[in-house]
């Protein structure tokens, strides 16, 4: 057992925990061919290479007139020998002539310049050119976007809409992507009741399962099991066995602290290994990492805000690494604190809204930062990161993790 797991031993810092979590897993095996229209959000398993030159031939960048620059003189009028629309073959251009051409149409052999229609005057005898033009203007050269065989997308990239467009441009209708990661979600606690059901004394609705379900779906995972586990060691061990049998990753909420009814930590140690436990953050100190048999396990705290924050910080990079992504770090941007705050000794992640004032970003905190105040996560735009052992004074610069980054 390592130096973060024993009672009384120091807590891991956030960077230390992230390094261990990302290093503990590798990409799940395999790939599958998926039609391009179904690839959004999937992770590439193989590099994508251009099958053609793009453009395959020189074409016009706008509507206008194609000509030989050698035939130009200021204000000259050239006869128009024809029209070249997009998608049509273009016959060679004779000397001393111009041709009407449209955006995307192939440039005729012999032409080396396109003049935009707005600066030309169409006359019965031809087209009058402006006083000055630039040789070679308004032509997209063959292969200027990509050349045949060029790698345009690397394996390990999560595909965005523009990546789908790039793959289509390169001639691909099917891509090899990683299979959807199968994840089991276990919420522990005798007090948990399914939303919408009547509540008995001391009971609460299970929100953690739905937070995790949504976060995992945003990452393109397949939730293979979602269940509530009773607060007993036998029930916890059986639930973990079942989860390991049907998933590639197990995520639990609750049960990883040191209370009498916290059985997840002991169950994992009995069935596998626990490699990491407790991180110096707030909210969410009791975060655990290990394996149930050979299946990776991530244990999150029980409070709903802590579940949300710790998954964003640690679960998201873990899942992304298992999905085969190469880059799993989270972008942080500087903001100014619109608040004062005393040090807590741990790295804190505070729910905040950000607004621009005077060309700078200012972060305003939600008034109640308790780990049970789920409303704060919905109210906020992101998380402000406050380093340990630092008092914050209004105007201080801090780092900010936007939901647009954390939930992408």
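The values are calculated or read from the model by the stated rules, or taken from the named source; none is laboratory data. Quantities reported herein were computed from a predicted structural model and do not represent experimental measurements. Methodologically, a virtual Cβ is constructed for each residue, glycine included, from the backbone with ideal geometry; neighbour enumeration extends over all protein chains shown.
Being assigned to a strand (DSSP E or B), under 23 Å from the mean Cα position of the chain (by Cα) and at pLDDT 95 or above is the requirement here; does residue 385 meet it? If you could, list the steps in order and put the result at the bottom.
Values: assigned to a strand (DSSP E or B): yes; under 23 Å from the mean Cα position of the chain (by Cα): yes; at pLDDT 95 or above: yes.
Answer is yes for this residue.
For residue 371, are the conditions met, namely being touching a helix residue (DSSP H, G or I) at 6+ places or on another chain (Cβ under 7 Å), outside any strand (DSSP E or B), outside the structural domain of residue 20 (by TED's automatic domain parsing) and within 19 Å of residue 313 (Cα to Cα)?
Yes: the conditions hold for residue 371.
Among the conditions (1) at pLDDT below 95; (2) in a loop (DSSP other than H, G, I, E, B); (3) touching a strand residue (DSSP E or B) at 6+ places or on another chain (Cβ under 7 Å), residue 21 misses just one, which is (2).
Does any residue of the stretch 199-222 turn out to be surrounded by fewer than 24 Cβ atoms within 10 Å (Cβ to Cβ), out of contact with any strand residue (DSSP E or B) (no Cβ under 8 Å at 6 or more places or on another chain) and more than 21 Å from residue 308 (Cα to Cα)? Yes, that holds for at least one residue. How about the stretch 20-72: which of its residues are exposed (fewer than 14 other Cβ atoms within 10 Å of the Cβ), assigned by TED's automatic domain parsing to the domain that holds residue 311 and within 19 Å of the chain's Cα centre (by Cα)? The one that is exposed (fewer than 14 other Cβ atoms within 10 Å of the Cβ), assigned by TED's automatic domain parsing to the domain that holds residue 311 and within 19 Å of the chain's Cα centre (by Cα): 26. Residue 108 meets each of the listed conditions (1) within 30 Å of residue 324 (Cβ to Cβ); (2) surrounded by 12 or more Cβ atoms within 10 Å (Cβ to Cβ); (3) touching a strand residue (DSSP E or B) at 6+ places or on another chain (Cβ under 8 Å) apart from (1). Exactly one of (1) modelled with pLDDT of 95 or more; (2) surrounded by fewer than 24 Cβ atoms within 10 Å (Cβ to Cβ); (3) part of a strand (DSSP E or B) is unmet by residue 251. Its number? Result: residue 251 fails condition (2) only. When the stretch 300-333 is filtered for residues that are more than 21 Å from residue 290 (Cα to Cα), outside any loop (DSSP other than H, G, I, E, B) and within 20 Å of the chain's Cα centre (by Cα), only 333 remains.
The C-beta contact set for the stretch 100-118 (first residue without any contact (Cβ under 8 Å) to a residue 40 or more places away in the chain, second residue surrounded by fewer than 22 Cβ atoms within 10 Å (Cβ to Cβ) and part of a loop (DSSP other than H, G, I, E, B), distance under 7 angstrom, 6+ apart or interchain) comprises 109/92. Within the option set 126, 149, 173, 196, being touching a residue at least 60 places away in the same chain (Cβ under 8 Å) and at positive phi holds for one residue only, 149. Show the residue pairs that are 6+ apart or on different chains and have beta-carbon atoms under 8 Å apart, the first residue being within the stretch 201-216 and on the phi > 0 side of the Ramachandran plot, the second being at pLDDT below 95 and surrounded by fewer than 21 Cβ atoms within 10 Å (Cβ to Cβ). Filtered contacts from the stretch 201-216: 202/191.
With respect to the stated conditions, residue 15 fails to be in a strand (DSSP E or B) and closer than 30 Å to residue 316 by Cβ.
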